[in-house]
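Single-structure report; data block below.
The values are calculated or read from the model by the stated rules, or taken from the named source; none is laboratory data. For clarity, every value in this text was computed on a predicted model and none was experimentally measured. Every residue, glycine as well, gets a Cβ built from its backbone with ideal geometry; the counts of neighbours run over all protein chains shown.
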Amino acid sequence: MASAEQVAEEAERREIRDRWLLSAPALIIIFLAASGPLLIVVIYSFLTPGPYGDVVWKFSTDGWLSVLMQRDIFDDTLAFADAHLSIFWRSISLSFYTTVLTLFFGFPTAYFIATRPPKTREVWVFLVTIPFWTNLLIRTFAMQQVIRNEGLVNTALMALGIIKQPLQIMNTDAAILFGMIYIYLPLMVLPIYASMEKLDFRLVEAGYDLYAGRWQVLRRIIFPLIKPGVIAGSILVFIPSLGAYVIPRVLGGGKNMMLGNLIELQFGAGRNWPLGAAISITLMVLVMIALLFYVRNASGSQGAHG
Amino acid sequence: MAKRPFDIQAQPGFGFMALLTFFALYLPIAALVTYSFNTADSLSRWDGVSLRWFISAWHNSAVQDASVRSLVLAVSAAALSTIAATMAALATTRTRPYPGLTFKYAFINQPLMVPEIVTGVALLIVFSRIKVWTGYSGLGYLIAAHTAFCIPFAYLPIRARLESMDLTLERAAADLYATPWKAFRFVTLPLLRPAIIAGFMLAFVISLDDVVITEFVKSGGQDTLPTYMLGQLRRETSPEINAIATVFLALSVVLVTAFYFVNRRKP
């Protein structure tokens, strides 16, 4: 005779089993076409490049070594690979500038939306959402229309007589930066708006009653309260910027590569799959560091506010 | 100024910055759309308004091919990912924490954490091997890849909806001798429908927009509309690309607007 306890235990075991079965299709598809292949990338980073791409199954750490170093072809000494270092630097610095500048424009925009009357507020949010859901490639291409030599900016400046020769913006780091700011701006505005919407303006009023100025209210009251939104927005901008591929390819031309383009190069013309795999993992580690930073800060700021 | 009542919400310059930002958000799109109506052969001249490039894009067989492939892919991936995500959402909500629950959350959201380019090369490595072994190089690889990265997007609204529903109605159904399947079919599913539609639409848009992963997974001659456009951008572009982009853009706006209304009409 099974006791009531045993029956309950059995029922619970069955429920857990059913829940695993129910989630199995999603887990299996993600394992087969996302997580699993990532593990293979780790293995490939320790193999030897094949002559026509792909790999030879022979252990080697050269892939990892050449992420940052290069071997001298004459005396086999190691030196830092300047080309790779400059690409790492470009990726990290451009992502940083993108984050700072989207914050600079995104914060006032979110503030503006949050202080509209509820009815028009929805319209403004919708106006931010539309570019957010528009194809990234199309928006990159749209940016190209503005900054190319015969584009909007140059045509306008020349018509006004400010410049005589078109400014060469395309195929520079500045073009990539403009593109990334343009494309990732909604990712900054939306989370800041989400925390701004919950802001209790009676606290602001209290600040003014206590003789705070506009700047003090902004810095001491509003900013600390919406900090979670600012951190979330910064992470949402920084992470995709770091892994950007389409924007530098279209706006930066062949020379101004970022990490994403360096990875692609190794799997294409570079024919060095292990190096490409090693850079991919490095990129992933950088992203994980940024995420950990976010998790730590997000939980910290929640604790501070109760 | 002094006569105006003190507005505690006002911050000097913020309104101006915001309007400038909105202007900057829409200016490039406006330029793109305007140039799609250009009659001239290249983007460097403006010869007047016509539908010339829309017509030429419509008759371009490469564009037709790519559009059909994009739609087939997006519908298949959205359907499969929505089914998988609905099942996963049912399995991970309305329960006491059980062993593996946190793991499931992390695993389902994993595609969101990894840069697309990394997933792209990972799939290139694995799928190129499988293509050699099996000799099959059809659309299946793209459907599998798209389904995987669409699952977290489809999962999001469905999970959110389930978490706001308690089990009262399902228990009532069970009391009235409904089998678990009948309770699901006639109670849970109708309540969940708006969220499932929202999840499907999100997945559809995400699949339709993807360029990076598709670029690495596709076999020869398997261009989707975004990868076709990316390939064309390498060359001197004609306003035909603008025309394609404008139609694509219009489609996105329609979908987002529809999504917005589906999501807003909460029962």
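Of the numbered conditions (1) touching a helix residue (DSSP H, G or I) at 6+ places or on another chain (Cβ under 8 Å); (2) part of a helix (DSSP H, G or I); (3) over 17 Å from B:L27 (Cβ atoms); (4) β-branched (V, I, T), A:I163 satisfies every one except a single condition; which is it?
If we test A:I163 against (1) touching a helix residue (DSSP H, G or I) at 6+ places or on another chain (Cβ under 8 Å); (2) part of a helix (DSSP H, G or I); (3) over 17 Å from B:L27 (Cβ atoms); (4) β-branched (V, I, T), just (2) comes out false.
For the range A:111-131, give me each residue that is more than 8 Å from chain B (Cβ to nearest Cβ), surrounded by fewer than 18 Cβ atoms within 10 Å (Cβ to Cβ) and not β-branched (V, I, T).
A:R116, A:P117, A:P118, A:K119, A:R121, A:E122
Of the conditions (1) farther than 30 Å from A:T115 by Cβ; (2) surrounded by fewer than 18 Cβ atoms within 10 Å (Cβ to Cβ), B:L43 satisfies every one except a single condition; which number is it?
Condition not satisfied by B:L43: (2).
Looking at (1) modelled with pLDDT of 95 or more; (2) more than 13 Å from every other protein chain (Cβ to nearest Cβ), which is the only condition A:V41 fails?
Only one criterion in (1) modelled with pLDDT of 95 or more; (2) more than 13 Å from every other protein chain (Cβ to nearest Cβ) is unmet by A:V41, namely (2).
Return a yes/no flag: does the range B:215-224 have any residue that is in contact with a Lys or Arg (Cβ under 8 Å, 6 or more places away or on another chain), of a type in the set (S, T, Y) and surrounded by 17 or more Cβ atoms within 10 Å (Cβ to Cβ). Steps first, please.
Going residue by residue through the range B:215-224, those that are in contact with a Lys or Arg (Cβ under 8 Å, 6 or more places away or on another chain) are B:219, B:222-224.
Imposing the further condition that a residue be of a type in the set (S, T, Y) reduces the set to B:219, B:224.
Applying the additional criterion that residues be surrounded by 17 or more Cβ atoms within 10 Å (Cβ to Cβ) yields B:224.
Yes.
Scan the range B:147-194 for residues that are touching a helix residue (DSSP H, G or I) at 6+ places or on another chain (Cβ under 9 Å), farther than 22 Å from B:A106 by Cβ, part of a helix (DSSP H, G or I) and among the hydrophobic types (A, V, I, L, M, F, W, C) and report the count.
Final tally of qualifying residues: 11.
Collect the residues in the range B:127-148 that are at the interface with chain A (Cβ under 7 Å from one of its Cβ atoms) and surrounded by 22 or more Cβ atoms within 10 Å (Cβ to Cβ), keeping them in residue-number order.
Scanning the range B:127-148 gives B:A145, B:T147, B:A148.
Using the structure shown, decide if B:D41 is of a type in the set (D, E, K, R), more than 9 Å from every other protein chain (Cβ to nearest Cβ) and either without any contact (Cβ under 8 Å) to a residue 24 or more places away in the chain or over 10 Å from B:P239 (Cα atoms) (or both).
no
Restricting attention to the range B:48-62, does a residue exist that is hydroxyl-bearing (S, T, Y), out of contact with any strand residue (DSSP E or B) (no Cβ under 9 Å at 6 or more places or on another chain) and under 30 Å from B:A144 (Cα atoms)?
Within the range B:48-62, one or more residues are hydroxyl-bearing (S, T, Y), out of contact with any strand residue (DSSP E or B) (no Cβ under 9 Å at 6 or more places or on another chain) and under 30 Å from B:A144 (Cα atoms).
Here is a list: A:I281, A:I289, A:I222, A:I226. Which entry is away from every other protein chain (no Cβ under 11 Å) and surrounded by fewer than 23 Cβ atoms within 10 Å (Cβ to Cβ)?
Answer to the check: A:I289.
Is it the case, given these coordinates, that A:L78 is touching a strand residue (DSSP E or B) at 6+ places or on another chain (Cβ under 6 Å) and more than 9 Å from chain B (Cβ to nearest Cβ)? Please lay out each step first, then the result.
Working: touching a strand residue (DSSP E or B) at 6+ places or on another chain (Cβ under 6 Å): yes; more than 9 Å from chain B (Cβ to nearest Cβ): yes.
So A:L78 passes the test.
So for the range B:224-242 (the condition being farther than 30 Å from A:N149 by Cα and in contact (Cβ under 8 Å) with a residue 40 or more places away in the chain), does at least one residue qualify? So that I can check it myself, show each step before the final result.
Step one: filter the range B:224-242 for residues farther than 30 Å from A:N149 by Cα, giving none.
No, because not a single residue in the range B:224-242 is farther than 30 Å from A:N149 by Cα and in contact (Cβ under 8 Å) with a residue 40 or more places away in the chain.
Specify the residue that is surrounded by the fewest Cβ atoms within 10 Å (Cβ to Cβ); the eligible residues are those in the range B:154-201 that are in contact (Cβ under 8 Å) with a residue 24 or more places away in the chain and of a type in the set (S, T, Y).
Among those that are in contact (Cβ under 8 Å) with a residue 24 or more places away in the chain and of a type in the set (S, T, Y), it is B:T188.
So which residues in the range A:139-163 are more than 7 Å from chain B (Cβ to nearest Cβ), among the polar types (S, T, N, Q) and surrounded by 22 or more Cβ atoms within 10 Å (Cβ to Cβ)?
A:T140, A:Q144
Does the range B:240-248 include one or more residues that are more than 13 Å from chain A (Cβ to nearest Cβ), farther than 24 Å from A:P37 by Cα, within 21 Å of the chain's Cα centre (by Cα) and of a type in the set (A, V, I, L, M, F, W, C)?
Pass one, the range B:240-248, residues more than 13 Å from chain A (Cβ to nearest Cβ): none.
No; the residues of the range B:240-248 include none that is more than 13 Å from chain A (Cβ to nearest Cβ), farther than 24 Å from A:P37 by Cα, within 21 Å of the chain's Cα centre (by Cα) and of a type in the set (A, V, I, L, M, F, W, C).
Determine if the range A:76-90 includes at least one residue that is touching a residue at least 40 places away in the same chain (Cβ under 8 Å), within 17 Å of A:Y182 (Cα to Cα) and either in the same structural domain as A:I235 (by TED's automatic domain parsing) or among the aromatic types (F, W, Y) (or both).
Within the range A:76-90, none of the residues are touching a residue at least 40 places away in the same chain (Cβ under 8 Å), within 17 Å of A:Y182 (Cα to Cα) and either in the same structural domain as A:I235 (by TED's automatic domain parsing) or among the aromatic types (F, W, Y) (or both).
Step by step: first the residues of the range A:1-53, then only those that are closer than 15 Å to B:Q110 by Cβ and of a type in the set (S, T, N, Q), then the one that is surrounded by the most Cβ atoms within 10 Å (Cβ to Cβ). Which residue is that?
Result: A:S23.
Restricting the search to the range A:189-212, which residues are among the aliphatic types (A, V, I, L, M) and surrounded by 15 or more Cβ atoms within 10 Å (Cβ to Cβ)?
A:V189, A:L190, A:I192, A:A194, A:M196, A:L199, A:V204, A:A212
Just checking, which of A:L103, A:L136 is touching a Ser or Thr at 6+ places or on another chain (Cβ under 8 Å), surrounded by 16 or more Cβ atoms within 10 Å (Cβ to Cβ) and either of a type in the set (A, V, I, L, M) or not assigned by TED's automatic domain parsing to the domain that holds A:A244 (or both)?
Within the list A:L103, A:L136, the selection yields A:L103.
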